[in-house]
Amino acid sequence: MYQDAMSLTTNLRLETKSNMVSLDQAVEAMRRGQVGQSILAKYTQLQDSAARMYRIAGASESELQRMKGVDDAYTAFPDAGDKKFLTAD
């Protein structure tokens, strides 16, 4: 399950980055072609949404990588006990 989540998140980030480049190119072409502000405003919203999605996907990857560290620790110490045992004071 971890690997599926990581693959999905990585693919999402990479595809979003690719879409951001395409959006930038499209907006530039529209500006050169003197497309009206009404459509450019929509594309600006798309660019903003893509940038947020890219940042969120990157942050999600970082969190998943941190979680992988827990899995690695459990693999190294399979008899360590459960979370409650390890975190109880």
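The values are calculated or read from the model by the stated rules, or taken from the named source; none is laboratory data. All values reported here derive from a predicted model rather than from experimental measurement. Here Cβ is always computed from backbone atoms with ideal geometry, including for glycine, and neighbour counts include all displayed protein chains.
General remarks:
- Only a single item in (1) modelled with pLDDT under 90; (2) of a type outside the set (A, V, I, L, M); (3) in contact with a Lys or Arg (Cβ under 6 Å, 6 or more places away or on another chain) is not met by residue 75, and it is number (3).
- Test: residue in segment 57-66 that is part of a helix (DSSP H, G or I), in contact (Cβ under 8 Å) with a residue 60 or more places away in the chain and not β-branched (Val, Ile, Thr): yes
- Among (1) aliphatic (A, V, I, L, M); (2) modelled with pLDDT of 95 or more; (3) surrounded by fewer than 11 Cβ atoms within 10 Å (Cβ to Cβ), the one test that residue 14 misses: (3)
- Residue check, residue 51 assigned to a helix (DSSP H, G or I) and either of a type outside the set (S, T, N, Q) or free of Cβ contacts under 8 Å to residues at least 40 places away in the same chain (or both): yes
- Residues of segment 73-82 that are surrounded by 10 or more Cβ atoms within 10 Å (Cβ to Cβ) and either outside any loop (DSSP other than H, G, I, E, B) or of a type in the set (Val, Ile, Thr) (or both): 73, 74.
- Checking each residue in segment 18-40 for being assigned to a helix (DSSP H, G or I) and small (Gly, Ala, Ser) picks out 18, 22, 26, 29, 38.
- Test result for residue 42, within 15 Å of residue 6 (Cα to Cα), loosely packed, with under 14 Cβ neighbours inside 10 Å, within 24 Å of the chain's Cα centre (by Cα) and among the basic types (Lys, Arg): no
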